[in-house]
Amino acid sequence: MISDTRLRELLADLWGLAAATVEVHNGGMNSATWFVADGGRRWVAKAVAPASRRSFVAGLTVAAALESGGIPAGAALATRHGDLVADVDGIPLALLTWVPGSALSYANPGDQQVIGTTLARVHRTLLGVSVSDVERFHWVDPRSDHLGIRPWVRTAVAAAVTAYDQLDPRTLSWGLLHTDPAPDAFRMNRAQDTCGVIDWSTAMVGPLLYDLASAVMYAGGPARADALIDAYLAEGVVPHAEAERAMGVLLRFRWAVQADYFARRIATQDLTGITSAADNERGLAVAQVGLSQVPAT
């Protein structure tokens, strides 16, 4: 972990912010973050696990592409040496542009419309963008040891992967994904009537409907996400017929990703970003309920 004192030294040495103030944030489950302020300007300092460095740099490249396309995305401020990411005793650290605004709510139909429209515009902006070290969807392996953590997990995850494979993923619309468009990833600046999207932790090419399915999951399922789905599809990035054919399968797969994620955290006793092991157990239980509510196809 990088101490606050050490971080202030780095901000001065690498970014020229000699008078920066630092406030611990740590709002994510897979990283350490701090709010940084200097002379009326704001940033977010973010450190990730050493093994995540390549994907972190790739994600920041995606954020930069979005910023160039007019969508605030928390692009990294380069160091004095021109690097997007500094290595601090082996720990990758970046200073991200502050995206002003407030988080949106999936419970609000008006916010859902903004989220759906913004997500579609993100996908359109990123079409044709090339990124080094891009990953290709997907990463879920039903044979993984950690899926044996509970009797139901491997069976449910394997069924979701099989259903996805049977879709013939090559027939879906592909592009760069956010991979986890949670409500707090969207920052609405009402003064300027703009919505930004933050938390670009990787660069992954996959079915665009996976991002939409993720948003629908956070909204509480298709029955509670009409405004979101309609707003996204109205942008024309993904055909309506494709969504009708594949949305249920991608939503089921998204819940399987949740199960895979929390099963791995439980198996490895990973408590990053949470207060106790009970939080991981709760996440796995919610994934089980989510999987049970998506009809098998």
Distance in nm between residue 108 and residue 205 label points, each 7 Å along Cα→Cβ, equals 3.7
If you average the alpha carbon positions of the stretch 180-229 and of the stretch 122-142, how far apart do those two centres end up, in angstrom?
16
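Could you tell me the relative contact order of the chain? Use alpha-carbon pairs under 8 Å, at least six residues apart, and round to a whole percent. Before the final figure, lay out the partial values.
On the way: 504 pairs, mean separation 57.2, N = 297.
Relative contact order, the chain: 19 percent.
Please give the length that would be gained between residue 192 and residue 285 if that part of the chain were fully extended, namely 0.36 nm times their separation in residues minus their C-alpha to C-alpha distance (nm, one decimal).
29.5 nm
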Can you give the translational diffusion coefficient of the stretch 116-263 in µm²/s, computed by Stokes-Einstein from the Kirkwood radius over Cα pairs at 10 °C and 1.306 mPa s?
99
Can you compute the modelled spin-label distance between residue 78 and residue 235, with each label point 7 Å from Cα toward Cβ, in nm?
2.8
Among 68, 5, 103, which residue has its Cα positioned farthest towards the positive end of the charge dipole of the chain, with +1 placed on the Cβ of Lys and Arg, -1 on the Cβ of Asp and Glu, and the dipole taken about the Cα centre?
103
The stretch 4-98, dipole about Cα centre (Lys/Arg Cβ +1, Asp/Glu Cβ -1), debye to the nearest 20:
160
Distribution of pairwise C-alpha distances over the stretch 111-175, 10 Å bins, in %
16, 30, 32, 21, 1
The stretch 4-98: relative contact order in percent, alpha carbon pairs under 8 Å with at least 6 residues between:
23
Gaussian network model of the chain, Cα within-10 Å springs - most flexible of 194, 179, 268
268
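On full extension of the chain, what length is gained from residue 42 through residue 159, given 0.36 nm per residue of separation minus the C-alpha to C-alpha distance?
Numbers: separation 117, 0.36 × 117 = 42.12 nm, distance 4.54 nm.
Gain on extension, residue 42 to residue 159, equals 37.6 nm.
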Tell me which of 161, 243, 207 sits at the most positive position along the dipole axis of the chain, charges placed on C-beta atoms (Lys, Arg +1; Asp, Glu -1).
161
Could you tell me which label, among (1) 19.3, 58; (2) 22.7, 77; (3) 17.6, 57, carries the value of Rg and Dmax of the Cα atoms in Å calculated for this structure?
(1)
Counting other beta carbons within 10 Å of each residue's own, what order do 217, 1, 247 fall into, fewest first?
1, 247, 217
Given +1 on the Cβ of Lys and Arg, -1 on the Cβ of Asp and Glu, and no further charges, what dipole in debye does the stretch 103-293 carry about its Cα centre, rounded to the nearest 20?
220
Kirkwood hydrodynamic radius (C-alpha pairs) into Stokes-Einstein, the stretch 4-98, 20 °C and 1.002 mPa s, D in µm²/s
160
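Which length gain, in nm to one decimal place, applies between residue 3 and residue 136 when the Cα-Cα distance is subtracted from 0.36 nm times their residue separation? It would help to have the intermediate numbers written out before the result.
Values: separation 133, 0.36 × 133 = 47.88 nm, distance 3.47 nm.
Difference between extended and current length: 44.4 nm.
Based on the Cβ-Cβ distance of residue 89 and residue 182, what FRET efficiency does E = 1/(1 + (r/R0)^6) give at R0 = 45 Å, to the nearest 0.05?
Numbers: r = 30 Å, r/R0 = 0.66.
Efficiency at R0 = 45 Å is approximately 0.90.
Ignoring everything except DSSP H segments at least 4 long, calculate the 222 nm mean residue ellipticity for the chain; use -39,500 (n - 2.57) per segment, divide by total residues, nearest 500. List each step's numbers first, then the result.
Working: 8 runs with 126 residues, N = 297.
Mean residue ellipticity, 222 nm, calculated: -14000 deg cm²/dmol.
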Where the centre of each part is set by its Cα atoms, how far does the stretch 237-271 sit from the stretch 49-111, in angstrom?
23
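FYI, it's all coordinate maths here, none of it is from the lab. This structure is a prediction, so every number in the text was calculated from the model and none was measured. Reconstructed Cβ throughout: ideal geometry from the backbone, glycine too, with neighbour counts over all protein chains shown.
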